[in-house]
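Worksheet: the structure to be examined is printed underneath.
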Amino acid sequence: MSEQIEKLECLIIGSGPAGYTAAIYAARADLKPVMYTGLQPGGQLTTTTEVDNFPGYPEGIDGPTMMEQLKAQAERFDTDVRFGLATSVELSEEKGGWHKVIIDESKEIHARTIIISTGASAKYLGLESEQRLMGSGVSACAVCDGFFYKDQEVVLVGAGDSAAEEATYLAKLCTKVTMLVRKDHMRASKAMQHRVNNTANIEVLYNTETVEVLGDNVVEGVRAKNNKTGEEIDIPATGFFVAIGHTPNTQIFKGQLEMDDVGYLITDADSTGTQRPGVFASGDTQDKVYRQAITAAGTGCMAALEAERYLAELV
Ligand code: NDP
């Protein structure tokens with residue numbers, strides 16, 4: 001397996017807003033952080049076009065450029081940013097212990113602190129048309145992209161709290177939101193369902209599944225099928241929003257860190273601390289409610305400050 005084992009004070013795994021913010025703080029605190037970017041450097045925002053809700057960009061900024069800027073800021077303070085994927089971990093239970101991390105199944109790193117910022121991946125239906133029109137009308141984030149569909153008709157698929165929240169968000173911008181629910185009921189809380197049902201321009205179609213997103217280069221509509229009657233309809237729409245849940249990228253920590261049944265890491269109250277000393281979780285790995293770039297950046301900052309305090313206590 002490994003060449004020489006590398007020993008680090010602070011290892012950051014993942015390169016979204018949480019990871020880069022952690023890097024900026026950790027580097028400025030002289031923790032000499034090394035970041036491994038994962039396979040999608042920059043994270044989920046690199047799949048977004050315009051970001052209009054991150055403070056400091058009055059004209060908005062496109063996702064990939066924003067992530068390049070965060071990287072440049074982290075590197076300005078000498079964060080060592082490397083391309084690579086953490087493939088397994090052995091986390092120490094001892095305060096001050098070394099956590100072992102394997103990168104790309106070959107390189108071995110021992111780190112005194114680890115900041116986990118591996119993010120989450122939105123789930124998609126898996127249709128060819130959905131994949132093809134990604135970023136051209138297909139989106140998994142209403143808060144990020146809803147504005148582009150102002151005064152237009154959109155379709156949203158999903159039936160949980162996120163779907164209900166996103167449908168009501170979109171309804172404020174769009175002329176009509178058609179919500180496709182595959183069962184005869186929604187999973188969302190009663191309060192959220194109540195909001196959906198009391199919004200005049202949301203139409204909920206129950207027992208309805210997506211057959212295909214229509215359009216060659218941009219979304220022009222959605223073909224849906226009633227799974228009880230078999231009847232198919234074409235719904236005109238310029239946007240197709242998928243809100244069927246997220247999968248946090250936390251598989252390598254299974255069995256070592258506490259997580260909920262979906263895989264979100266459980267952190268201490270008002271902290272990013274996990275059950276292992278010196279291991280901190282930030283961003284979408286531990287936040288299933290807000291999931292915004294700015295909230296991820298906030299918890300990245302918390303994680304770096306906590307890592308700094310933890311290391312200071314060891315000396
Ligand atoms: P959930 O896992 O709760 O819901 C996913 C929904 O997507 C389900 O209704 C499911 O349908 C549907 N779905 C899954 N796969 C498909 C598919 N292939 N086709 C059609 N529909 C599909 O995810 P959420 O993101 O909504 O919520 C995650 C967690 O975050 C929950 O615990 C939620 O309560 C919480 N949350 C809380 C909020 C708040 O408090 N304000 C806001 C947002 C989320 P089915 O029901 O048929 O399985």
Query raised in the report: Is any helix in the chain, taking whole DSSP H runs, at least 24 angstrom long along its axis by alpha carbon and on average at least 0.5 on the Kyte-Doolittle scale, and which ones?
Result: 293-314
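Taking 0.36 nm per intervening residue step and subtracting the Cα-Cα distance, what contour gain separates Gln251 from Asp30 on full extension? Kindly include the intermediate steps, with their values, before the conclusion.
Values: separation 221, 0.36 × 221 = 79.56 nm, distance 3.00 nm.
Gain on extension, Gln251 to Asp30, equals 76.6 nm.
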Query raised in the report: Counting only heavy atoms of protein chains, what accessible area per residue, in Å², does the range 57-186 have with a probe of 1.4 Å?
Result: 46 Å²
Query raised in the report: Most fluctuating residue of Asn217, Asn53, Asn201 in a GNM of the chain with Cα springs under 10 Å: which is it?
Result: Asn217
Query raised in the report: Which value, to two decimals, describes the C-alpha radius of gyration of the chain once divided by 2.2 N^0.38 Å?
Result: 1.08
Report task. Specify the inter-centroid distance of the range 16-63 and the range 199-273, based on alpha-carbon positions, in whole Å. Result -> 25 Å
Query raised in the report: Which whole-Hz ³J(HN,Hα) couplings does the range 117-124 yield from phi under the Karplus relation 6.51 cos²θ - 1.76 cosθ + 1.60, θ = phi - 60°, glycine and proline marked x?
Result: 9, 7, x, 9, 10, 5, 7, 10
Query raised in the report: What cysteines in the chain have no other cysteine with a beta carbon less than 4.7 Å from their beta carbon?
Result: Cys10, Cys174, Cys301
Report summary line: Among Val196, Ala26, Gly158, the residue whose Cα sits farthest towards the positive end of the charge dipole of the chain, when +1 is placed on the Cβ of each Lys and Arg and -1 on the Cβ of each Asp and Glu, is Val196
Report summary line: For the chain, the percent of accessible surface on carbon and sulfur atoms (probe 1.4 angstrom, ligands and nucleic acids excluded) is 49 percent
Query raised in the report: Which percentage, to the nearest 5, of the DSSP beta bridges contained in the range 166-256 is antiparallel?
Result: 75 percent
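Give me the dipole magnitude in Debye, nearest 20, for the range 181-245 about the Cα centre, with unit charges on the beta carbon: positive for Lys and Arg, negative for Asp and Glu.
Numbers: 8 positive and 9 negative charges, 109 e Å.
Dipole of the range 181-245, to the nearest 20 debye: 520 debye.
Assuming 0.692 mPa s and 37 °C, estimate D for the range 50-91 with Stokes-Einstein, Rh taken as the Kirkwood radius over Cα pairs, in µm²/s. Present the calculation step by step, with values, prior to reporting the outcome.
Numbers: Rh = 12.5 Å.
The Stokes-Einstein estimate is 262 µm²/s.
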Requested in this report: Please give, to one decimal in nm, the separation of the simple spin-label points placed at Lys100 and Thr175, each 7 Å out from Cα toward the Cβ.
Outcome: 6.3 nm
Requested in this report: Choose one of Met134, Ile102, Gln40: the residue whose Cα lies farthest towards the positive end of the charge dipole of the range 37-152 (beta-carbon charges +1 Lys, Arg; -1 Asp, Glu; about the Cα centre).
Outcome: Ile102
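Tell me, what is the per residue accessible area of the range 217-315 in Å², probe radius 1.4 Å? Intermediate results must be reported in sequence, preceding the final value.
On the way: 4770 Å² over 99 residues.
Each residue of the range 217-315 exposes 48 Å² on average to a 1.4 Å probe.
Mind checking the dipole of the chain: about its Cα centre, +1 per Lys or Arg Cβ, -1 per Asp or Glu Cβ, Debye to the nearest 20?
Values: 28 positive and 45 negative charges, 95 e Å.
Dipole of the chain, to the nearest 20 debye: 460 debye.
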Query - Charged-residue dipole, Cβ positions (Lys, Arg, Asp, Glu), the range 37-133 about Cα centre, Debye nearest 20 - result: 240 debye
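Which percent, to the nearest 5, of DSSP beta bridges fully inside the range 96-247 are antiparallel?
On the way: 18 of 34 bridges.
Rounded to the nearest five, the antiparallel share is 55 percent.
The values are calculated or read from the model by the stated rules, or taken from the named source; none is laboratory data. The structure presented is a predicted model; accordingly, all values stated were derived computationally and were not measured. Glycine gets a Cβ as well: all are built from the backbone with ideal geometry, and neighbour counts include every protein chain shown. Only protein heavy atoms, including side chains, enter the accessible area calculation; ligands, DNA and RNA are left aside. Shrake-Rupley method; radii C 1.70, N 1.55, O 1.52, S 1.80 Å.
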